[in-house]
Each structure stands twice: as structure tokens, then as C-alpha cells.
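The values are calculated or read from the model by the stated rules, or taken from the named source; none is laboratory data. Bear in mind the structure is a predicted one, so any value in this text is a computation, not a measurement. No Cβ is skipped: glycine too gets one built from the backbone with ideal geometry, and neighbour counts run over all protein chains shown. Note: accessible area is taken over every heavy atom of the protein model, side chains too, but ligands, DNA and RNA are not part of it. Shrake-Rupley method; radii C 1.70, N 1.55, O 1.52, S 1.80 Å.
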Amino acid sequence: MRNSRQNRHRSNRSNAYSESKSSNLRPFDPYFSEWALIRADRSPTATITLSETLQIDVYERPVHDSFVRPFTIADLERTLKSIPERFLIGLKRIVLFGGTKKQALTADRMFRDGQYYPEDRRGGMIVLYPFPEKKMKYFCCRLSPHQLQEFRWAGAKIIQENNDTFARFDLESLKTYYLRIVLIHEIGHHVDWIRKKSGRGKLTEEFADWFVGEYGFSRCGRSR
């Protein structure tokens with residue numbers, strides 16, 4: 001999830017300490033009820049073992065009929081294994097939301113794709129939200145040049161129609177978008193948070209974007 005200084009899409013992917021944090025304090029939050037369900041799930045759905053000393057628990061919610069999750073836990077594991085292990089130290093949990101009716105009804109104005117929470121005592125946590133199925137054929141919200149670049153790289157079709165620009169995803173391009181852009185962006189926030197604890201990180205969107213360029217685009221053999 002990115003900060004509110006940028007366009008509407010970029011406000012939907014950020015870390016818990018970004019400027020967009022205030023947007024999470026709205027009186028109505030369609031994600032609150034699902035958070036309660038996840039907190040009640042004490043046992044992880046799966047545990048991804050990356051080494052003898054590094055394991056990441058995955059909590060997976062069933063996908064609602066109005067949403068799509070274009071990747072599996074096995075896909076998630078392969079992506080994590082493509083990232084140097086040193087960047088994942090301290091990342092303890094990945095939570096996969098499934099979506100709810102309320103989230104579907106508010107997806108046009110409150111859609112999120114990913115978010116990072118430092119969680120000092122328990123370790124870092126990444127949340128990946130499902131994608132609204134209705135937006136796969138028509139994703140439009142004043143797309144920025146940076147966003148268009150990401151969507152094109154992921155394989156989405158960019159269409160201009162009636163002075164408007166929108167992106168059209170299929171399952172494969174959406175899978176690439178989540179695994180090689182959204183997830184890597186949130187890992188970038190985790191790395192930046194760890195750096196901040198040592199006095200080097202700045203908790204910026206720019207660092208997370210740079211991390212995507214280094215370990216998202218390039219690791220798939222594609223260039224920007």
C-alpha cells in the first residue's frame with residue numbers, strides 16, 4: 001500500500017507507518033471484520049521454511065466469490081526463495097485476506113492490494129488482499145506513468161478509451177503483479193524498517209519502489 005501523496009492506486013499499498021496510515025482511521029473500515037477472523041485463527045495455514053533458522057507462517061482466508069487470489073501458497077514460497085534470505089530476516093507472517101461482501105461493495109473507493117506492519121515484538125507482517133474480480137477487465141483510477149509501467153511489466157493490457165486509460169488483467173498478469181510487484185514492494189518496506197532500526201532506513205515509498213526494480217522486475221528476466 002502506498003502513501004496518499006500519490007494517486008489513488010498508490011494509496012493502496014504501503015507500510016503501517018506511511019502517511020496513508022490516517023486513511024485506516026476512518027469510522028467505517030470494511031476490512032475490520034476480516035481482521036477479527038484472522039486474529040481468531042491461532043494456527044497458520046502453512047509454514048514456509050526458507051532455512052533452518054528462517055520460517056514464515058502463512059494465514060490464508062477462503063476467497064470470497066467476488067474476489068480473485070491469482071496465486072497459491074506454493075507460488076508464494078517460490079517467490080520468497082528468489083529473494084536473498086538476509087532481506088527476509090524478521091518477517092514472521094504473511095496474511096492472505098479472502099475478501100467479504102462489504103469489501104466488494106466498497107472496492108471502487110477503498111481497494112487495497114498489500115500492506116506491511118512492522119509489529120516490533122512479534123516480527124514483521126505482510127498482508128495481501130484479494131483482487132476484485134469485476135476490476136480485472138476494467139481497472140481505472142487516474143493511472144500514473146509509474147503505475148502504467150508496473151501494469152505493462154506484469155503483462156496487463158493497457159487500453160485508452162474516451163480520453164480515459166485503464167488496465168485489463170488476466171489471471172497470469174495478475175499473478176505476476178501480486179508476486180513480483182505487490183509482495184516485493186512490501187518486502188522492501190520490511191527491509192527499510194530493519195534499516196531504520198539501525199539508523200539507515202527512512203520508511204519511504206521510493207525505497208520500496210527501488211526494491212521492486214531490483215528484486216521484482218530483474219529477477220523475472222524482464223526489464224523496465
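What is the one condition in (1) at pLDDT 95 or above; (2) in a loop (DSSP other than H, G, I, E, B); (3) open to solvent by less than 10 Å² (accessible area, probe 1.4 Å) that Arg2 does not satisfy?
Failing condition for Arg2: (1).
State whether one or more residues within the stretch 119-138 are within 28 Å of Val63 (Cβ to Cβ), open to solvent by 10 Å² or more (accessible area, probe 1.4 Å) and free of Cβ contacts under 8 Å to residues at least 24 places away in the same chain.
no
Somewhere in the stretch 88-96, is a residue open to solvent by less than 20 Å² (accessible area, probe 1.4 Å) and more than 23 Å from Glu214 (Cβ to Cβ)?
Yes, the stretch 88-96 contains at least one residue that is open to solvent by less than 20 Å² (accessible area, probe 1.4 Å) and more than 23 Å from Glu214 (Cβ to Cβ).
Let me confirm something: among Ile194, Ile184, which residue is aliphatic (A, V, I, L, M) and within 22 Å of Phe71 (Cα to Cα)?
Ile184
Mind listing whichever residues of the stretch 41-76 are of a type in the set (D, E, K, R) and open to solvent by 20 Å² or more (accessible area, probe 1.4 Å)?
Passing the criteria: Asp41, Arg42, Glu52, Asp57, Glu60, Arg61, Asp65, Arg69.
Residues Thr106, Thr79: which one is polar (S, T, N, Q), in contact (Cβ under 8 Å) with a residue 40 or more places away in the chain, open to solvent by less than 30 Å² (accessible area, probe 1.4 Å) and closer than 25 Å to Phe166 by Cα?
Testing whether each residue is polar (S, T, N, Q), in contact (Cβ under 8 Å) with a residue 40 or more places away in the chain, open to solvent by less than 30 Å² (accessible area, probe 1.4 Å) and closer than 25 Å to Phe166 by Cα leaves just Thr106.
When you go through Glu214, Glu150 one by one, which is the residue that is open to solvent by 60 Å² or more (accessible area, probe 1.4 Å), modelled with pLDDT of 85 or more and within 21 Å of Asp75 (Cβ to Cβ)?
Glu214
Quick one: in the stretch 168-213, of everything that is among the β-branched types (Val, Ile, Thr) and not in a loop (DSSP other than H, G, I, E, B), which residue is nearest to Tyr116 (Cα to Cα)?
Result: Ile187.
Looking at Tyr59, Tyr129, Tyr117 in this structure, which one is under 23 Å from Glu214 (Cα atoms) and aromatic (Phe, Trp, Tyr)?
Exactly one residue qualifies, and that residue is Tyr117.
Could you list, in sequence order, the residues of the stretch 191-202 that are out of contact with any Pro (no Cβ under 8 Å at 6 or more places or on another chain) and either modelled with pLDDT of 80 or more or open to solvent by less than 10 Å² (accessible area, probe 1.4 Å) (or both)?
Answer for the stretch 191-202, where residues must be out of contact with any Pro (no Cβ under 8 Å at 6 or more places or on another chain) and either modelled with pLDDT of 80 or more or open to solvent by less than 10 Å² (accessible area, probe 1.4 Å) (or both): Val191, Asp192, Ile194, Arg195, Lys196.
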